[in-house]
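Working notes, structure below.
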């Protein structure tokens, strides 16, 4: 029994725009981290990206676990996993391919990022452009990804839709024989 009201065209466009923007954010974060070291505008080399500083400065409930991992030499593995995860999630959301899996991956990364540094001070912090108390950009982006997951945006537009229609045609062709 499906009592769901169909989405309007504007709602569909808004959801796909949201998915595209979040996908771009993840893809570019992964690309940037993967491409460093790079060069500054004055021609000097930039340091390679690493999660070491973030993990060592973590304050959330999982901080001791990740600080121990950082101190035991897992940084290279963690850095690689974050870069590849960001890239794959970004591609998934941008292309609308394996969208539900991409959303779950995004929620997992965003939850870890949030739980490692829950904003509890409520005052300006060095390196933040805003002042946060419990709610920050990471948590908001996580809520937005949850919306994408709830509305299954891969069924609205993207390669998931193309894949589904191809498989449906293939199944019909087999059953007709």
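Each reported figure results from applying straightforward, stated rules to the coordinates on display, with no laboratory input. Note that the structure is a prediction, hence the values are computed from the model and not measured.
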Exercise for the section: Could you work out how far helix 137-150 tilts from the main Cα principal axis of the chain, as a 0 to 90 degree angle to the nearest 10? Expected result: 20 degrees
Exercise for the section: Compute the long axis of helix 159-176 from its Cα atoms, compare it with the longest principal axis of the Cα atoms of the chain, and write down the angle in degrees, 0 to 90, nearest 10. Expected result: 30 degrees
Problem - For the chain, built as a Gaussian network whose Cα springs stay under 10 Å, the top-fluctuating residue of 31, 132, 54 - result: 132
Fill in the blank from the handout: One quarter of the C-alpha convex hull surface, i.e. the mean projected area of segment 9-176 in nm², amounts to 13.6 nm²
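In deg cm²/dmol and to the nearest 500, what is the mean residue ellipticity at 222 nm of the chain if only DSSP H runs of at least 4 residues count, each as -39500 (n - 2.57), divided by the residue total?
Values: 7 runs with 112 residues, N = 177.
Mean residue ellipticity at 222 nm (helix-derived): -21000 deg cm²/dmol.
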Problem - Sequence-separation-based contact order of segment 63-160, relative, with Cα cut under 8 Å and 6+ spacing, percent - result: 30 percent
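Kindly identify segment 19-107 as rounded, prolate or oblate by the Cα gyration tensor criterion: order the square roots of the eigenvalues as a ≥ b ≥ c, call it rounded if a/c is under 1.5, otherwise compare a/b with b/c, prolate if a/b is larger, else oblate.
On the way: a/c = 2.44, a/b = 1.17, b/c = 2.08.
Oblate, since a/c reaches 1.5 and b/c is not below a/b.
Could I get the Rg over Rh figure for segment 80-120? Both from C-alpha atoms, Rh via Kirkwood, rounded to two places. Don't skip to the answer; put the middle values down first.
Values: Rg = 11.2 Å, Rh = 10.6 Å.
With Rh from the inverse mean 1/r over Cα pairs, Rg/Rh is 1.05.
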Handout entry: Contact order normalised by residue count of the chain, Cα under 8 Å, 6+ apart, percent
Key = 25 percent
Handout entry: Highest-MSF residue in the chain out of 153, 120, 50 [GNM, Cα springs under 10 Å]
Key = 120
